[in-house]
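Report on the following structure.
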Amino acid sequence: MASLSVKPGQRFTLPDWKNNSLLISADAEQQRFNSHHIRQEGRVLRNDTGNQAKWDEHNSQTHLKDRITTVDKWREDLAKCLKDLDLEIDALSKVKEAAENAIQAKNLCLDVAIECLTFRESRRDIDVVRDPVEEELHKEVKVIEKTKKELQQRVDDAFRQLCLLKEARQQLSCDHRHKVEALELDQQCMSFNPTSGNISFKVNPTRIPDGTTALSEWELNSRCNKERAEAEMRASVDLRGAITLTIAQTNNELDAQRIATEFALRKRMRDMEAALSELRWQEKNTLEEIAEMEEEIRQLEEDIKKRTLDLKVAHTRLETRTYRPHIELCRDQAQFGLTDEVQQLEGMIRALQQKRTESQDALDALYRQLHHIQTDIGYKTNSLQLDNKCMDTRRKLVVPVEKFDPEVDAVSRTRNLPRESQLELA
C-alpha cells in the first residue's frame, strides 16, 4: 500500500507566507525609493558640479583676460617709456657733445688770449706797464676759464645722468621683456581647453613656486621702474636745459643779474609797501577796537555801579524788615522776593565783574598788540627807506652820474625816480 511522503523541514503558516510577501514588496518599494532618491541626488550633483565647473572655468578665463589686459597695458606703458627714454638718451648725448665742442671752442679763445699776453711780455723798459689792455686780457682769461669750468661741470653732470638713464633703461627693458614672456604664457593658458592635446596631470600644481611675489609687489616694482625712468628723464630734461643755457650764456650775465636783482628789490619794496599798508590797516582797526573796548569797560563799570546800588537797596529793605514787631516778623512773599533779588543781583555783579576782568585783559592784549604793530611799522618803514636808497644808488648803473639827482618826497620820505629813467623789468 502506498504511503504519503512528507517533506522534511520546517513548515510555515499561511500568515507567515503572506507576511513574507508583504515584506519583500515593502523592501522592493524602499529600495526603489532609495534608488530614485540617489538618482535625483546624482542628477542634482551632476548639474551642480557641471554648472560650478563651467562657472569656475569662466571665472578663470575672465581672470586670465583681466590679467592679460593689465599686463598688456603695463607692457605698452613700459614700451612707450622705453621709447621716450631712448629719445632722451639720444638728446642728452647730443647736448653733451655740444658742450664738449663748446669747451674745445673755448680752448682756442684761451690760446689766443694767452698768446696775446705772451706777446706783450716782450715789451721793454717803460712800456712794460699794467695797462687796461692787460687787465682786460687777464679778465678774459678768467672769464674763459670760468666758462670752461662751468661747461666741464655740465659735461660731468651729463655723463652721470646718462649712466643713470641707461641704468633705468636696463631695468625697464628687463621688466618689459618679462612682461612679454608673461603675456605669451597667459595667452597660451587662454588657449587650453578640454580637447587640447597637450593637457595632462601635473605633480603638485597648486604649489607656490620659489620667488613668487605678491600682486602689490609686482605692481609696485613696475610702477617704481616706470617712475624712476620718468624721474630720470625729467632730471635729464632739466639738465639739458641747464647745459643749453650754459652754452648760450654770454657776457650779459652781469646785466641779467642786475635786472634780476632790481626786479627782486622792486618786488621786495612792493611787498614791504603792502605789508605796511596791512599793518596800518591793522593799527587803525586795533585802535578802533581799543576805543570800543574801553567804552565797553566803562559801560560795564556803570552797570556794576547800578547793580551795586540796587543790591544796597535790597539789603536795606531786608535789614529794615528785620525790625518788624512780634508776629509781623514773618517770611512772607516780600521776604522771599527780596532774598531772590539779592541772590540774583550778587550773581549779576559777579558776572559783570568777571566780564570786566576779561575785557580788561583783552584791552591789555590789544595794547600789547598795538605796540607790536607800531614797532613792526617802524622796522618796515626803515627797511623801505633803505631799499629806496638802494634803488637810488643803483640808478648809477643806468643813469649818467652827471644826471643823477634824486628827488626826495618830504611826506613819504622816499625818492621818486624820473619816469623816463625807470627800468623796464621783465
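Rule-based calculations on the coordinates, nothing more; no lab input. Nothing here was measured: the structure is a model prediction, and the numbers come from that model. Cβ coordinates were reconstructed from backbone atoms using ideal geometry, including for glycine residues, and neighbour counts include every protein chain displayed.
Placing pseudo-labels 7 Å out from each Cα toward the beta carbon at Trp17 and Thr69 gives an inter-label distance of 7.9 nm.
Extending 7 Å from Cα along the Cβ direction at Gln52 and again at Asn107 yields two label points whose distance is 8.1 nm.
Rounded to 0.05, the FRET efficiency of the Ala362 and Arg321 pair, given R0 = 35 Å and the Cβ-Cβ distance, is 0.25.
Extension gain, Asp156 to Met190, is 7.2 nm, computed as 0.36 nm per intervening residue step minus the present C-alpha separation.
What is the sum of charges, Lys and Arg at +1 and Asp and Glu at -1, for the other residues whose Cβ falls under 13 Å from the Cβ of Arg160? Residues near Arg160 contribute -1 overall.
What FRET efficiency would be calculated for the residue pair Gln170, His371, taking the C-beta separation as r and a Förster radius of 56 Å, to the nearest 0.05? Spell out each step's value before the answer.
Values: r = 66 Å, r/R0 = 1.17.
That pair, Gln170 with His371, gives E of 0.30.
The residue among Trp281, Thr375, Ala365 whose Cα reaches farthest toward the positive pole of the charge dipole of the range 262-377, with charges on the beta-carbon of Lys, Arg, Asp and Glu, is Ala365.
Quick check: net charge around His37, other residues with Cβ under 14 Å of its Cβ, Lys/Arg +1 and Asp/Glu -1? Could you put the intermediate results ahead of the total?
Numbers: positive: Arg32, Arg39, Arg43; negative: Glu29, Glu41.
For residues surrounding His37, the net value is +1.
Placing a label point 7 Å from the Cα of Asn198 along the Cα-to-Cβ direction, the residues of the range 34-78 whose backbone N falls under 20 Å from that point are 61, 64-65, 68.
Multiply the residue gap between His178 and Ala242 by 0.36 nm, knock off their C-alpha separation, and tell me the result in nm, one decimal place. Could the numbers behind the result be given before it?
On the way: separation 64, 0.36 × 64 = 23.04 nm, distance 3.60 nm.
Length difference between fully extended and current span is 19.4 nm.
Using the Cβ-Cβ distance between Arg331 and Lys305 with R0 = 22 Å, the FRET efficiency computed as 1/(1 + (r/R0)^6) comes to roughly 0.10.
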